[in-house]
Amino acid sequence: MGIIKALRCAKCGWESSSWTTFRCASCGAVLEVLLEIENLSGSDLLEIQKRKDRTIWRWFEFFPVENRSAIVSLGEGYTPLVHSSRLSERLGLSGLYLKNDTLLPTGSLKDRSNAVGLSRAKELGFSTAAVISTGNAAASVAAYAAAAGMESVVMVPDGTSSAKVLQARAYGATVVVVQGSFDDEVARLYKDALKEFGWYDCLSSNPYRDEGKKSYAYEMLDQLDGEIPDWVIHPTAGGTGLYAMWKGYNELLKLGWVKKLPRLVAAQSEAAAPLVRSFEKGMTEVEPVEARNTVAESIQVGNPISVGWRALEALRDSQGTAVALNDGEILEAQSLLAQFAGIFAEPAGAVSVAAAWKLSRQGVIRRNDLIVCNITGHGLKQPSAIRVSDEELRPIPPTLESLRKQVQRGEVWPRP
Ligand SMILES: Cc1ncc(COP(=O)(O)O)c(C=O)c1O
Ligand SMILES: [Zn+2]
């Protein structure tokens with residue numbers, strides 16, 4: 001299993017003497033997990049790649065869980081990496097691949113994080129897991145807590161899509177809908193609650209959980225037969241995906257298992273684009289913004305307080321970039337993804353495709369670059385984003401004549 005050497009502060013070097021202290025006592029930054037992996041060799045890579053396990057745990061040496069028996073798995077990872085010739089042709093991007101994380105156990109990328117986070121919680125003996133969420137993390141924490149035999153408390157801002165709230169409830173979570181915004185009221189209440197109740201923190205302020213999205217790097221290495229993408233584009237909110245992918249790829253580089261690194265791209269909604277703004281200004285810390293409403297509700301975060309600065313670092317060090325998309329561009333990408341590639345993503349999950357297209361139109365990405373777009377959340381998470389007219393859904397009499405009329409009308413309904 002993964003051997004944890006330390007929880008260390010990447011800013012000032014402070015090391016925790018407790019496995020349950022997640023923040024630096026000296027500067028307040030979220031700590032980072034240091035694993036003992038430097039002794040792995042090329043033959044270990046071959047051994048890993050021979051394993052039959054098709055979950056993230058195929059790479060268990062790279063995750064901070066020390067006892068195999070503590071692993072809580074719902075089969076997460078190794079989601080399809082799809083090349084859609086129709087979508088590639090439509091967008092003029094021949095090397096476009098879609099990492100379909102809508103197929104993770106609870107329908108979003110959060111399962112990569114929570115499989116690791118909740119396994120470690122079980123190992124450390126916690127009984128209640130908690131999280132605040134724009135929706136997807138709530139459902140994911142609830143599911144993994146259920147599988148681990150733990151209680152869960154999830155808090156969401158009012159206005160969160162009811163599908164996500166119901167999903168968390170179905171797994172048995174205590175769901176608390178809080179008046180206010182994610183960045184302000186909900187975040188403040190959560191901080192107080194963790195202190196008051198001693199719950200296990202499943203937010204990006206948990207260093208164990210943050211290791212989970214490193215799995216993107218390992219999986220892509222397998223799925224692209226050792227080739228490294230020119231670009232990996234990630235719908236971004238808290239910044240964990242960018243930070244963790246960069247860490248994962250760099251681990252592989254240090255071990256000599258890959259020879260180059262991809263350029264990373266943060267794709268955000270224009271209504272909540274603190275990373276894009278801070279990246280454009282060349283900052284090393286994220287300047288929070290007031291998040292406005294956006295159809296990409298899952299990534300409506302204005303203050304990526306925990307690891308946002310590390311995501312900025314990943315963008316800079318990888319010579320990547322950051323791009324903001326408006327709601328029209330996001331909905332168009334969602335629609336193209338569904339109707340050309342057969343992948344139904346929630347709007348936030350399709351922001352990466354909108355970004356790929358925009359960057360290619362701007363000439364940043366070239367037509368035949370190898371691009372991976374992470375598709376991070378299922379469309380059924382937010383069904384209200386799909387516009388269907390009453391007329392389309394009105395029942396027709398069961399006659400061929402009515403059917404013909406309806407089908408002909410279908411031809412004029414808008415398609416991308
Ligand atoms: C659908 C979806 N995509 C992407 C993200 C981005 O997360 P992060 O930037 O922390 O990787 C989230 C979560 O906030 C999400 O729910
Ligand atoms: Zn520190």
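The values are calculated or read from the model by the stated rules, or taken from the named source; none is laboratory data. If you're wondering where the values come from, they're calculated on a predicted model, not measured in any experiment. Virtual Cβ from ideal backbone geometry, glycine too; neighbours counted across all protein chains shown. Just the protein is used for accessible areas: all its heavy atoms, side chains included, with ligands, DNA and RNA removed. Shrake-Rupley method; radii C 1.70, N 1.55, O 1.52, S 1.80 Å.
Miscellaneous remarks
- Pairs, first at positive phi in the stretch 129-144, second part of a helix (DSSP H, G or I) and within 10 Å of ligand 1 (Cβ to nearest atom), C-beta under 6 Å, six or more apart: G135/K164; G135/S298
- A count restricted to the stretch 239-274 and to residues that are assigned to a loop (DSSP other than H, G, I, E, B) and either away from ligand 1 (no atom under 16 Å from the Cβ) or modelled with pLDDT under 95 (or both) stands at 7.
- Only one of K99, K122, K52 that is charged (D, E, K, R), open to solvent by 10 Å² or more (accessible area, probe 1.4 Å) and not in a helix (DSSP H, G or I): K52
- In the stretch 1-28, the residues that are within 11 Å of P64 (Cα to Cα) and in a strand (DSSP E or B): I4, K5, A6, L7
- Residue among R8, R112, R68, R58 that alone is more than 30 Å from D369 (Cβ to Cβ) and either away from ligand 2 (no atom under 16 Å from the Cβ) or in contact (Cβ under 8 Å) with a residue 60 or more places away in the chain (or both): R68
- Criterion violated by G2 - all others in (1) under 25 Å from L252 (Cβ atoms); (2) within 16 Å of ligand 2 (Cβ to nearest atom); (3) at pLDDT below 95 satisfied: (2)
- Within the stretch 232-246, if we keep just the residues that are open to solvent by 10 Å² or more (accessible area, probe 1.4 Å) and small (G, A, S), the residue that is nearest to Q300 (Cα to Cα) turns out to be A237.
- Restricting the stretch 55-66 to residues that are within 17 Å of N206 (Cβ to Cβ) and over 20 Å from the mean Cα position of the chain (by Cα) leaves a set whose member that is surrounded by the most Cβ atoms within 10 Å (Cβ to Cβ) is V65.
- Whichever residue in the stretch 303-328 is surrounded by 20 or more Cβ atoms within 10 Å (Cβ to Cβ) and not hydrophobic (A, V, I, L, M, F, W, C) and, among such residues, is nearest to ligand 1 (Cβ to nearest atom): P304
- When the residues of the stretch 362-375 are filtered to those that are among the β-branched types (V, I, T) and open to solvent by less than 10 Å² (accessible area, probe 1.4 Å), the one that is farthest from S140 (Cα to Cα) is I365.
- Single residue of the stretch 29-46 satisfying the filter (in a strand (DSSP E or B) and of a type in the set (V, I, T)) that is farthest from ligand 2 (Cβ to nearest atom): V33
- Apart from one condition, P105 fits all of (1) touching a residue at least 40 places away in the same chain (Cβ under 8 Å); (2) assigned to a loop (DSSP other than H, G, I, E, B); the exception is (1).
- In the stretch 345-361, the residues that are at pLDDT 95 or above and open to solvent by less than 10 Å² (accessible area, probe 1.4 Å) reach residues that are of a type in the set (G, A, S) and in a helix (DSSP H, G or I) with C-beta atoms within less than 6 angstrom, at least six apart or across chains, in these pairs: A345/G379; E346/G379; P347/A385; A348/S298; A350/A333; V353/A333; A354/A333.
- Lone qualifier among S18, S73, S26 - being open to solvent by 10 Å² or more (accessible area, probe 1.4 Å), within 22 Å of A129 (Cβ to Cβ) and within 16 Å of ligand 2 (Cβ to nearest atom): S18
- Taken as a whole, the structure places V141 among residues that are touching a Ser or Thr at 6+ places or on another chain (Cβ under 9 Å), open to solvent by less than 10 Å² (accessible area, probe 1.4 Å), assigned to a helix (DSSP H, G or I) and β-branched (V, I, T).
- Taken over the stretch 151-172, the criterion of being in a loop (DSSP other than H, G, I, E, B), open to solvent by less than 70 Å² (accessible area, probe 1.4 Å) and free of Cβ contacts under 8 Å to residues at least 40 places away in the same chain is satisfied by G172 alone.
- Number of positions in the stretch 287-302 that are touching a Phe, Trp or Tyr at 6+ places or on another chain (Cβ under 8 Å) and either among the hydroxyl-bearing types (S, T, Y) or open to solvent by 20 Å² or more (accessible area, probe 1.4 Å) (or both): 2
- The number of residues in the stretch 85-102 being without any contact (Cβ under 8 Å) to a residue 12 or more places away in the chain and touching a Leu at 6+ places or on another chain (Cβ under 7 Å) comes to 1.
- Helices (runs of 4 or more DSSP H) completely within the stretch 182-229 that count 3 or more residues being open to solvent by 40 Å² or more (accessible area, probe 1.4 Å) and free of Cβ contacts under 8 Å to residues at least 12 places away in the same chain: 187-197
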